[in-house]
Amino acid sequence: MNKVFSKFLIAISFYMGLVASATGHTYFFGVSDLSQNHKTKRLEIVHQFTTHDIENAIAQSKQIHFSAEHKEYNLYIQQYFEEKFSLSHKSVIVPLNWVGFEVTSGKIIAYQESQQESFLPQIVVKNAILTDTYPKQVNTVNFQGIDIQGKAIFGSLTFDSRSKEAEITPKATH
């Protein structure tokens, strides 16, 4: 009986370890892709972040229980991204339209688009998504498009709890 109970405890411990490793994580990262639509010249942004991290950040900031069942779920998700991510050019905010979001495979994929034509050089990106909630959060913004002269520009910027703002410059593309 003791051996059976012991094997049972070992099996339960192993299972709990699997569950813990599946539900918690030690790496906090998100990716945003910023690309210029070659036809409209508008900037299109696609964000990918872990759903439960976004939900936890909203719950913490609003001091509420927050999940997909919350009656203001869609609104709070939109407000969070609009508050934590922005673009500006020469200190003027680049207006972004909220296109929407979807939840798939534990990820929130959110979509935004600039309201008018925008070119990448000298765009300042502010990305504070999850960096206040998770000190180890690292966000990457990949960008691609053209400058005013029609020259291709691409690269990436990295953001964390210390660095929440960066400018896209031609030298940032290397």
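Residues that are in a strand (DSSP E or B), among the aromatic types (Phe, Trp, Tyr) and in contact (Cβ under 8 Å) with a residue 40 or more places away in the chain within region 78-100 comprise just one, Phe85. Please go through region 103-146 and pick out each residue that is of a type in the set (A, V, I, L, M, F, W, C), part of a loop (DSSP other than H, G, I, E, B) and over 29 Å from Lys39 (Cβ atoms). Across region 103-146, the qualifying residues are Ala128, Leu130.
Restricting attention to region 115-161 and to residues that are over 24 Å from Phe29 (Cα atoms) and polar (S, T, N, Q), the residue that is modelled with the highest pLDDT turns out to be Gln115. Filtering region 49-66 for residues that are in a strand (DSSP E or B), at negative phi and out of contact with any Phe, Trp or Tyr (no Cβ under 7 Å at 6 or more places or on another chain) leaves a non-empty set. If you check Phe49, Phe8, Phe28 for being under 13 Å from the mean Cα position of the chain (by Cα) and at pLDDT below 95, only one passes: Phe28. In region 147-171, which residues are more than 16 Å from Ile45 (Cα to Cα) and assigned to a loop (DSSP other than H, G, I, E, B)? Answer for region 147-171, where residues must be more than 16 Å from Ile45 (Cα to Cα) and assigned to a loop (DSSP other than H, G, I, E, B): Asp147, Ile148, Gln149, Gly150, Lys151, Asp160, Ser161, Arg162, Ser163, Lys164, Thr169.
Being more than 21 Å from Leu157 (Cα to Cα), surrounded by 14 or more Cβ atoms within 10 Å (Cβ to Cβ) and not acidic (Asp, Glu) narrows it down to one residue among Ser86, Ser61; which is it?
Values: Ser86 fails: more than 21 Å from Leu157 (Cα to Cα).
Of the residues listed, the single one that is more than 21 Å from Leu157 (Cα to Cα), surrounded by 14 or more Cβ atoms within 10 Å (Cβ to Cβ) and not acidic (Asp, Glu) is Ser61.
Filtered by the rule that a residue be over 17 Å from the mean Cα position of the chain (by Cα) and either among the hydrophobic types (A, V, I, L, M, F, W, C) or surrounded by fewer than 14 Cβ atoms within 10 Å (Cβ to Cβ) (or both), region 89-133 gives Lys90, Ser91, Val92, Ile93, Val94, Pro95, Gln115, Gln116, Glu117, Phe119, Leu120, Ile123.
The values are calculated or read from the model by the stated rules, or taken from the named source; none is laboratory data. Quantities reported herein were computed from a predicted structural model and do not represent experimental measurements. Glycine gets a Cβ as well: all are built from the backbone with ideal geometry, and neighbour counts include every protein chain shown.
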